[in-house]
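Trainee: The structure's right below; bear with me while I get my questions together.
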Amino acid sequence: MITIYHNNRCRKSREGLEIIQQSGKAFKIVNYLEEVPSETDLKNIIKLLQIKPIELVRVNEAIWKENYKNKNLSDAEIITAMLETPKLIERPIVINGNKAVVGRPPETIKQII
């Protein structure tokens, strides 16, 4: 089953969800601002994406700029920041089996569905 970590207030996330809906495949929506992933889940997502934790951070968010920018943070500290403030997590994230993408641009979702 396809899983989308989704924020309905984000246009790119809504476009990504539409792509999944049009695929006709079964999917699950995780509203990650309300259902914050566990540390284990977030680490697994990062592993599936094959990226460093900082690459999943929305570095242009005011919260990031005010509290974390220009600090030398470890991967664990970056993950903690995302868990404490899930708004910092890039979106949408789509997982299908052992494949995952960040849907920016949303068309990249088509690669794994």
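Any read-out appearing in this document is the output of simple, stated calculations on the displayed coordinates, not a laboratory observation. None of these values were measured; they are calculated from a predicted model. Counting neighbours? That spans all protein chains shown, and the Cβs are built from the backbone with ideal geometry, glycine included.
Trainee: Restricting to segment 71-86, and then to whatever is loosely packed, with under 15 Cβ neighbours inside 10 Å and not aliphatic (A, V, I, L, M), can you tell me which residue is nearest to I45 (Cα to Cα)?
Mentor: D75
Per-residue answers, yes or no, for (1) surrounded by 15 or more Cβ atoms within 10 Å (Cβ to Cβ); (2) under 13 Å from the mean Cα position of the chain (by Cα):
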| residue | (1), (2) |
| --- | --- |
| R11 | no, no |
| I19 | yes, no |
| Q22 | no, no |
| T40 | no, no |
| I45 | yes, yes |
| Q50 | no, yes |
| E55 | no, yes |
